[in-house]
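Working notes for the structure below.
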Amino acid sequence: MYFTDRGIEELAGRRGEEEVTLAWLADQLRVFVDLNPEFETPVERLATWLARLDDDDALDDED
């Protein structure tokens with residue numbers, strides 16, 4: 001188990017029944033990066049990956 005799995009499990013457990021918009025998620029990611037600028041690159045990579053999920057090679061992209 002990766003360390004991040006614990007956070008993902010907590011997110012699903014605490015907020016798994018909620019429905020959110022992508023606009024809300026984008027706002028939360030911006031706030032997180034504002035508070036934690038050292039995570040700008042990983043958040044950027046996650047957001048780009050999520051944005052491109054419909055692309056045929058999105059899961060294979062290892063930039």
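Modelled label-to-label distance, Arg15 and Leu29, 7 Å Cα→beta-carbon offset: nm?
Rounded to a tenth, the inter-label distance reads 1.3 nm.
How much net charge surrounds Arg30 when only the other residues with a Cβ under 12 Å from the Cβ of Arg30 are counted, with Lys and Arg +1 and Asp and Glu -1?
-4
Read-outs: derived from the displayed coordinates by stated rules, not from any lab. Note that the structure is a prediction, hence the values are computed from the model and not measured. Counting neighbours? That spans all protein chains shown, and the Cβs are built from the backbone with ideal geometry, glycine included.
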